[in-house]
Amino acid sequence: MMSMTCTLIAGAAEIPITPPLEVGILMSSVQRRWEPFERVSLPLMARALTVACHRRRVALVSLDLLGVSLRAFGRDLCRRIAAASRGAVAAGDVILAATHTHSAPESLALTNLYRTAPFRRWSRELVGRIGTAIHQACRRSVPCTLWAGSTRAPGLAIHRRIRTTRGIVLSHPPPPRRIVISRKGPVDDRVTIMALRRSGGELMALLVNAACHPVHEMCLRTISPDYPGYMSLELQRRHPGTAVLFFNGAAGNINPPTVSGGAAAARRHGLRLAQQVDAALARLRPVQVTSIELKRRTVNLPARKVSGRPRARPLGCALAALRLGSAAMVFVAGEPFVESGLAIRGASPFSTTAVVGYAMDYIGYIPTDQAFDEGGYETGPGLWSIAARGSAPIVANGAIELLRESVRTGEVPAGDTR
């Protein structure tokens, strides 16, 4: 029997989370080095969206952060955020995702910054601010309809692992042409969009999912949300009163064409992405929602020590799948490669699927087995890369299984906008 369509009750809020300059930027993961910021280009924000149906409420939070490492912020992070929300949402119904801007504090526990007193003070403030944003979002909740679809944004991202006569090198700094063998590699220019509209049809919130490292202002000692922040500001300018949440995709091996080009490059990227999203809004399709379902799972990955030697204890990778009718979002901890994102979306039973990385916890890169064969920075080993060969298919298959478990008879119509 088909369930009755429910009315989504949704609200959104945003709040600044910009740290003091002394809560510094990652300058080198290899050297485990951070430095204090020099200035603020744009403030960092926490953007919260709450959606409720049949007494189930879920909070999605997009954070202008490098990552959400539970080693840095504490294993009870979601419990403390739920308490700070004044009971607006349960800890198990909070999903945190970082935009992965490299111009935010070093929050991955790759250096000793997270042990410093300034970081700890800011961390406590951050918990309170996220909780406040969730509380405000709940207070602002109104009946909404959900619309979903996708578009493409070609040219904004490249496969950053370049094959050279000296092995795999990253796209930044650009290698000399004389040593380049091939720049070929998969990218994902699909932009997945979900829109919540008030009963009168006005936009209340936009969720934008795209896969690309925000590294336009990397290592420049300037606080900035990078291109996701500029995209959000432009869409808010075009649609006043609309909350815009960015969710990065499986971007572990995806860069923009240029790196560390500064605020102008970040702004160009953000404006171009905003234009593509804005143009696609008229093509979104309504989504019938009968309930909200959030499923979680932790899959165990083969792991390595920082030295590169095998580790007996597996590496836990948190996964989550949120179903809203024929639309779904799947969240993956750490930095999955684009190949995993494409595989998950390609096998998803939902007509719209957003694959989100950098969510819930940071466990480093999740390279493909081919990447391990080729070598390169992402395969480490190091604090940024402790997952071992065989991890990528475990993550992809686990995410696909969660999505399939979320399907209910009669809720996923024919058609594919994945």
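The values are calculated or read from the model by the stated rules, or taken from the named source; none is laboratory data. Note that the coordinates shown come from a computational prediction; the quantities given were computed from them, not determined experimentally. FYI the Cβ positions are ideal-geometry reconstructions off the backbone, even for glycines, and counts take in every protein chain you see.
Hey, among S85, S69, which residue is buried (at least 22 other Cβ atoms within 10 Å of the Cβ), free of Cβ contacts under 8 Å to residues at least 60 places away in the same chain and hydroxyl-bearing (S, T, Y)?
Result: S85 is the single residue among S85, S69 that is buried (at least 22 other Cβ atoms within 10 Å of the Cβ), free of Cβ contacts under 8 Å to residues at least 60 places away in the same chain and hydroxyl-bearing (S, T, Y).
Which one is farthest from A104 (Cα to Cα), of the residues in the stretch 9-34 that are among the β-branched types (V, I, T) and at pLDDT 95 or above? Let's see the steps before the verdict.
To start, the set of residues in the stretch 9-34 that are among the β-branched types (V, I, T) comprises 9, 15, 17-18, 23, 25, 30.
Filter once more, keeping what is at pLDDT 95 or above: 9, 15, 17-18, 23, 25.
Working: I9: 32, I15: 15, I17: 10, T18: 8, V23: 9, I25: 6 Å.
My answer is I9.
Those residues that are over 19 Å from T242 (Cα atoms), within 23 Å of the chain's Cα centre (by Cα) and either of a type in the set (S, T, Y) or in a strand (DSSP E or B) (or both), I need them from the stretch 166-209; list them, please.
Listed by number, the residues that qualify are L170, S171, R190.
I need a count of the residues in the stretch 217-253 that are closer than 23 Å to Y362 by Cα and either among the basic types (K, R) or without any contact (Cβ under 8 Å) to a residue 60 or more places away in the chain (or both).
Adding up the residues that qualify gives 2.
Answer yes or no as to whether V306 is within 29 Å of T368 (Cβ to Cβ) and not in a loop (DSSP other than H, G, I, E, B). So that I can check it myself, show each step before the final result.
Working: within 29 Å of T368 (Cβ to Cβ): yes; not in a loop (DSSP other than H, G, I, E, B): no.
When the stated conditions are applied, V306 does not pass them.
Before we move on, is L110 over 25 Å from C219 (Cβ atoms), more than 17 Å from the chain's Cα centre (by Cα) and crowded, with 17+ Cβ neighbours inside 10 Å?
no
Table: residues versus (1) touching a residue at least 60 places away in the same chain (Cβ under 8 Å); (2) touching a helix residue (DSSP H, G or I) at 6+ places or on another chain (Cβ under 8 Å); (3) surrounded by fewer than 24 Cβ atoms within 10 Å (Cβ to Cβ).
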{"site": "L315", "(1), (2), (3)": "yes, yes, yes"}
{"site": "G325", "(1), (2), (3)": "yes, no, no"}
{"site": "V338", "(1), (2), (3)": "yes, no, no"}
{"site": "L342", "(1), (2), (3)": "yes, no, yes"}
{"site": "F350", "(1), (2), (3)": "yes, yes, no"}
{"site": "T353", "(1), (2), (3)": "yes, yes, no"}
{"site": "A359", "(1), (2), (3)": "yes, no, no"}
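Going through A328, A396, A347 one at a time, which residue ends up being farther than 20 Å from I254 by Cα and out of contact with any strand residue (DSSP E or B) (no Cβ under 7 Å at 6 or more places or on another chain)?
On the way: A328 fails: out of contact with any strand residue (DSSP E or B) (no Cβ under 7 Å at 6 or more places or on another chain); A396 fails: farther than 20 Å from I254 by Cα.
Answer to the check: A347.
If I filter the stretch 43-95 down to residues being closer than 21 Å to T7 by Cα and of a type in the set (V, I, T), which single residue comes out as farthest from the chain's Cα centre (by Cα)?
Looking at residues that are closer than 21 Å to T7 by Cα and of a type in the set (V, I, T), I get V89.
Matching residues to (1) in contact with a strand residue (DSSP E or B) (Cβ under 8 Å, 6 or more places away or on another chain); (2) at pLDDT below 95; (3) more than 30 Å from A371 (Cα to Cα):
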| site | (1), (2), (3) |
| --- | --- |
| P105 | yes, no, no |
| P154 | no, no, no |
| T165 | yes, no, no |
| P174 | no, yes, no |
| I179 | yes, no, no |
| G185 | yes, no, no |
| V191 | yes, no, no |
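Specify which of the listed residues (A88, A117, A97, A133) is under 27 Å from A265 (Cα atoms) and among the hydrophobic types (A, V, I, L, M, F, W, C).
Among A88, A117, A97, A133, only A97 is under 27 Å from A265 (Cα atoms) and among the hydrophobic types (A, V, I, L, M, F, W, C).
For residues in the stretch 211-251 being assigned to a strand (DSSP E or B) and in contact with an Asp or Glu (Cβ under 8 Å, 6 or more places away or on another chain), which is surrounded by the fewest Cβ atoms within 10 Å (Cβ to Cβ)?
Looking at the filtered set, the residue picked out is T222.
Is there any pair with a first residue in the stretch 272-295 that is more than 30 Å from E405 (Cα to Cα) and a second that is among the hydroxyl-bearing types (S, T, Y) and at pLDDT below 95 whose Cβ atoms are under 6 Å apart and which are 6 or more apart or on different chains, and what are they?
none
So which of A320, A266 ends up being part of a strand (DSSP E or B), within 26 Å of L65 (Cβ to Cβ) and either at pLDDT 95 or above or in contact with a strand residue (DSSP E or B) (Cβ under 7 Å, 6 or more places away or on another chain) (or both)?
Result: A320 is the single residue among A320, A266 that is part of a strand (DSSP E or B), within 26 Å of L65 (Cβ to Cβ) and either at pLDDT 95 or above or in contact with a strand residue (DSSP E or B) (Cβ under 7 Å, 6 or more places away or on another chain) (or both).
Restricting attention to the stretch 291-313, report how many residues are within 30 Å of C6 (Cβ to Cβ) and among the small types (G, A, S).
1
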